[in-house]
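Participant: The structure is given below, and queries will be raised subsequently.
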Amino acid sequence: MAEVALVEAVTMALAWEMAHDDTVVVFGEDVGINGGVFRATAGLQEKFGKERVPDTPLAENMIAGMSVGMAAQGLKPVAEIQFMGFIYPVVDQMISHAGRMRTRTRGRLTCPMVLRAPYGGGIHAPEHHSESTEALFAHMPGIRVVIPSSPGRAYGLLLASIRDPDPVVFLEPKRIYRSYKEEVEDDGEELPLDMIYTLRDGTDITLVAWGAMIKETLEAGEELERQGVSAEVIDVATIYPLDMEGILESVERTGRCVIVHEAPRHCGVGAEIAAELAEKAFMHLLAPVRRVTGFDTVMPLFRMEKQYMPSTKRIVKTVLDVMAES
């Protein structure tokens, strides 16, 4: 068992699946010779050859189109988009073809492809390099959207995504690519998709988050404990399909909920969770559901980026406000 960072866990999962399944092909811009912008595919071309780890032109729509074609013909493509800010050209292929393949062919064909992309802010990158538009893909029927928040979950969830018969958008929070390491056993064991992971038990309030925001949310849980508030922390992990049953079960016990995400507030995944809670858990709520999010603006570059990102302090303040309301 090795101690690895999240980006290294991604590499481990790709290498395991390629070694045990000859139909898995990894490709994208600079993924071969250079090992990708963040080195997530480092060493794979040397190990598996250029035919299974080819570099592609700078053409995201083509990358997605190739993935759909490969998947329909028996391969399991894992395509990398360098940054989520460059992912928009793939939307046509994903919504028009990848997500519809199963229904279009009445189940005769599926589309077992994975579209990987580093996403989110917090690394002081230029414009188009700090996007957090996961809600866009969560609104596309037929496509899973998976976001790991730790090395262990990155490893297990990526294996499950590659093995899934339908298309998966796998978003990797680059802010925590190398922020810490944990022991991950390279045993090929996948983790289940479409379910939440409870990272911290609590009785007073449920904190719901995903991706890099899990770090600040867990920190907020610890600070709240020191202030006498018992917070349960849930990692959504798969934002579509959403495990609302798991979230509802927690909120029905605690009676309160705060949702945290760095994406803009308007029409975010947090709004969907809040709406579901209002519809199905209203009688259990002791206070209104609150959100701590990014702002409805493009990520402000460099000096204002820290102010844009939800902080531990903002989460704690919102929770204390909710506690005061009930």
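The values are calculated or read from the model by the stated rules, or taken from the named source; none is laboratory data. Please read all numbers here as calculations on a predicted model, not as lab measurements. Please note: Cβ atoms are built from the backbone with ideal geometry, for glycine as well, and neighbour counts cover all protein chains shown.
Participant: Can you pull out every residue in the stretch 268-307 that is over 26 Å from residue 242 (Cα atoms) and in a helix (DSSP H, G or I)?
Facilitator: 302, 303, 304, 305, 306, 307
Participant: Next question. Looking at the stretch 273-293, I want the residues that are modelled with pLDDT of 95 or more and have a partner that is assigned to a helix (DSSP H, G or I) and among the acidic types (Asp, Glu) with Cβ atoms under 6 Å, at least 6 apart or on another chain. Which pairs are those?
Facilitator: Pairs that qualify, where the first residue is modelled with pLDDT of 95 or more and the partner is assigned to a helix (DSSP H, G or I) and among the acidic types (Asp, Glu), are 281/252; 284/252; 287/325.
Participant: Still on this structure, I have one more. Under 20 Å from residue 134 (Cα atoms) and either assigned to a loop (DSSP other than H, G, I, E, B) or in contact with a Ser or Thr (Cβ under 8 Å, 6 or more places away or on another chain) (or both), is that true of residue 247? Full working, then the answer.
Facilitator: Working: under 20 Å from residue 134 (Cα atoms): yes; either assigned to a loop (DSSP other than H, G, I, E, B) or in contact with a Ser or Thr (Cβ under 8 Å, 6 or more places away or on another chain) (or both): yes.
It is true that residue 247 is under 20 Å from residue 134 (Cα atoms) and either assigned to a loop (DSSP other than H, G, I, E, B) or in contact with a Ser or Thr (Cβ under 8 Å, 6 or more places away or on another chain) (or both).
Participant: Cβ contacts < 7 Å: first residue assigned by TED's automatic domain parsing to the domain that holds residue 172, restricted to the stretch 85-107; second residue among the charged types (D, E, K, R) and modelled with pLDDT under 95, any location; separation 6+ or different chain. Result?
Facilitator: 85/131
Participant: Which of the residues that make up the stretch 263-283 are surrounded by 14 or more Cβ atoms within 10 Å (Cβ to Cβ) and either in contact with a Cys (Cβ under 6 Å, 6 or more places away or on another chain) or under 24 Å from residue 133 (Cβ atoms) (or both)? Give the derivation first.
Facilitator: As a first pass, look at the stretch 263-283 and keep what is surrounded by 14 or more Cβ atoms within 10 Å (Cβ to Cβ): 263-265, 268-274, 276-277, 280-281.
Result: 263, 264, 265, 268, 269, 270, 271, 272, 273, 274, 276, 277.
Participant: Additional query: Condition check: surrounded by 14 or more Cβ atoms within 10 Å (Cβ to Cβ) and within 22 Å of residue 218 (Cβ to Cβ). Does residue 159 satisfy that? Can you show your working first?
Facilitator: Numbers: surrounded by 14 or more Cβ atoms within 10 Å (Cβ to Cβ): yes; within 22 Å of residue 218 (Cβ to Cβ): no.
It is false that residue 159 is surrounded by 14 or more Cβ atoms within 10 Å (Cβ to Cβ) and within 22 Å of residue 218 (Cβ to Cβ).
Participant: While we're here: Any chance the stretch 220-239 includes a residue that's within 26 Å of residue 37 (Cα to Cα), touching a helix residue (DSSP H, G or I) at 6+ places or on another chain (Cβ under 8 Å) and hydrophobic (A, V, I, L, M, F, W, C)?
Facilitator: Checking the stretch 220-239: at least one residue is within 26 Å of residue 37 (Cα to Cα), touching a helix residue (DSSP H, G or I) at 6+ places or on another chain (Cβ under 8 Å) and hydrophobic (A, V, I, L, M, F, W, C).
Yes or no, residue by residue, for (1) closer than 22 Å to residue 292 by Cα; (2) part of a helix (DSSP H, G or I); (3) in contact with a strand residue (DSSP E or B) (Cβ under 9 Å, 6 or more places away or on another chain); (4) of a type in the set (D, E, K, R):
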{"residue": "122", "(1), (2), (3), (4)": "yes, no, yes, no"}
{"residue": "145", "(1), (2), (3), (4)": "yes, no, yes, no"}
{"residue": "148", "(1), (2), (3), (4)": "yes, no, yes, no"}
{"residue": "153", "(1), (2), (3), (4)": "no, yes, yes, yes"}
{"residue": "162", "(1), (2), (3), (4)": "no, yes, yes, no"}
{"residue": "188", "(1), (2), (3), (4)": "no, no, no, no"}
{"residue": "193", "(1), (2), (3), (4)": "no, no, yes, no"}
{"residue": "207", "(1), (2), (3), (4)": "yes, no, yes, no"}
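Participant: Quickly run through the stretch 68-84 and pick out the residues that are of a type in the set (Gly, Ala, Ser), in a helix (DSSP H, G or I) and modelled with pLDDT of 95 or more. Step through it out loud before you land on a result.
Facilitator: Just the residues of the stretch 68-84 that are of a type in the set (Gly, Ala, Ser), to begin with: 69, 71-72, 74, 79.
Then drop every residue that is not in a helix (DSSP H, G or I), which leaves 69, 71-72.
Listed by number, the residues that qualify are 69, 71.
Participant: Every residue in the stretch 41-67 that is over 17 Å from residue 113 (Cβ atoms), under 25 Å from the mean Cα position of the chain (by Cα) and assigned to a loop (DSSP other than H, G, I, E, B), please.
Facilitator: Correct list: 42, 43, 58.
Participant: Something else about it: Could you grab the pairs with beta carbons closer than 7 Å, sequence gap of 6+ or different chains, first residue in the stretch 191-219 and free of Cβ contacts under 8 Å to residues at least 24 places away in the same chain, second one of a type outside the set (D, E, K, R)?
Facilitator: 218/199; 218/233
Participant: If only one of 189, 225 is over 30 Å from residue 129 (Cα atoms), surrounded by fewer than 24 Cβ atoms within 10 Å (Cβ to Cβ) and not assigned by TED's automatic domain parsing to the domain that holds residue 321, which one is it? Write out each step before concluding.
Facilitator: Working: 225 fails: not assigned by TED's automatic domain parsing to the domain that holds residue 321.
Result: 189 is the single residue among 189, 225 that is over 30 Å from residue 129 (Cα atoms), surrounded by fewer than 24 Cβ atoms within 10 Å (Cβ to Cβ) and not assigned by TED's automatic domain parsing to the domain that holds residue 321.
Participant: For the structure I just gave you, tell me whether residue 237 is on the phi < 0 side of the Ramachandran plot and small (Gly, Ala, Ser). Working first, answer last.
Facilitator: Values: on the phi < 0 side of the Ramachandran plot: no; small (Gly, Ala, Ser): yes.
Judged against the criteria, residue 237 is not a match.
Participant: From the list 147, 143, pick out the single residue that is modelled with pLDDT of 95 or more and surrounded by 24 or more Cβ atoms within 10 Å (Cβ to Cβ). Show your work before the answer.
Facilitator: On the way: 143 fails: surrounded by 24 or more Cβ atoms within 10 Å (Cβ to Cβ).
None of the other options fit; the residue is 147.
Participant: Would you please list the contacts, defined by Cβ atoms under 7 Å and residues six or more apart or on different chains, that run from a residue in the stretch 24-42 that is in the same structural domain as residue 6 (by TED's automatic domain parsing) and over 12 Å from residue 79 (Cβ atoms) to a residue that is assigned to a loop (DSSP other than H, G, I, E, B) and of a type in the set (D, E, K, R)?
Facilitator: Qualifying pairs under 7 Å: 32/50; 37/30.
Participant: Also: Does residue 267 satisfy the condition of being within 24 Å of the chain's Cα centre (by Cα), in the same structural domain as residue 207 (by TED's automatic domain parsing) and on the phi > 0 side of the Ramachandran plot?
Facilitator: So residue 267 fits the description; yes.
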